[in-house]
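Everything on this sheet refers to the single structure shown next.
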Amino acid sequence: MSQTLVIIDIQRDYFPGGAYPLVGADAAAERAATLLAHQRESGGRVIHVQHESREEGADMLVPGTPGGEIDPRVAPRDGETVVRKTFPNAFLETGLHELLGGGAASDLLVVGMMSSMCVDATVRAAVDLGYDVTVAADACAAPDLEFDGRTIGGADVHAAFMAALASAYARVETVADLVG
C-alpha cells in the first residue's frame, strides 16, 4: 500500500504577520512543499487538513479570513481532498478515517502545524487507529510556550514533541531522508 501524505494546518495565521506565528514556520512550509511536490510527482495520495475555529470570538484560523487559508506553498490542487476540522485531532468528528478506507490506507506521512498540538494529537490518534505513521520533522513547526513561569522556545518545544513521538508512536525523519 502506498503512503498517504497528510498535511495538517499549514495555514497563514501561523506565519509572520499572522495571528499566532510559529518558530520556523516558513522553513517548515518550504520543506512540506518539497515533500508535496515529490508526492504529486510519484502519483501518491495527498490529504490536506484545515483547522476552522468556529467558536465565538475566535481570533485565529477563522474560516473565510486570510489567516485561515492554507498557505499557497502547500495549497490543494483540483482532485486533492481537504478535510476540515475543529479539534486538534484530525480524526475527531471528521471523515478522515473513512477517507483513508477505515485503515486500509495504513501508511501515513504527516507534516504540519503545530508540532505540539494538532500534529501530535493526530499522530497519536492515527496510531491508536492502527495506522503506521511517519512524521517529517523538518516540515513541522511549533510555538514558544510558557509553563510554570518559564518560556520554552519553539525549537525546543518542537524537538520535545518529535522525541516523544519517535519514542513510541512514529518514525520521525527529515524531508531529505524521505525524498532521497
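The values are calculated or read from the model by the stated rules, or taken from the named source; none is laboratory data. Values in this document were obtained by computation on a predicted structure and should not be read as measured data. We place every Cβ from the backbone using ideal geometry, glycine too, and count neighbours over all the protein chains shown. The protein model used for the area step is the full one, side chains on, heavy atoms only, and it has no ligands, DNA or RNA in it. Shrake-Rupley method; radii C 1.70, N 1.55, O 1.52, S 1.80 Å.
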Provide the net charge surrounding residue 108, with neighbours chosen by a C-beta distance below 15 Å and charges set as Lys +1, Arg +1, Asp -1, Glu -1.
-> -3
For residue 54 and residue 177, what is the calculated FRET efficiency with R₀ set at 25 Å and r taken between the beta-carbons, to the nearest 0.05?
-> 0.10
So, in Å, what gap is there between the alpha-carbon centers of the stretch 86-129 and the stretch 1-38?
-> 16 Å
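Work through the residues other than residue 58 whose Cβ is under 13 Å from its Cβ and net out their charges, Lys, Arg +1 and Asp, Glu -1.
-4
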Extreme residue, positive dipole direction of the chain, given options 2, 16, 66 (C-beta unit charges) | 2
With 0.36 nm assigned to each residue of separation and the Cα-Cα distance removed, residue 163 to residue 147 gains 3.9 nm
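Summarise the accessible area of the stretch 33-180 (1.4 Å probe, protein heavy atoms) by the percent that is carbon and sulfur.
50 percent
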For residue 82 paired with residue 128, estimate the spin-label separation in nm (one decimal), with each label point 7 Å from Cα along the Cα-to-Cβ line.
-> 2.8 nm
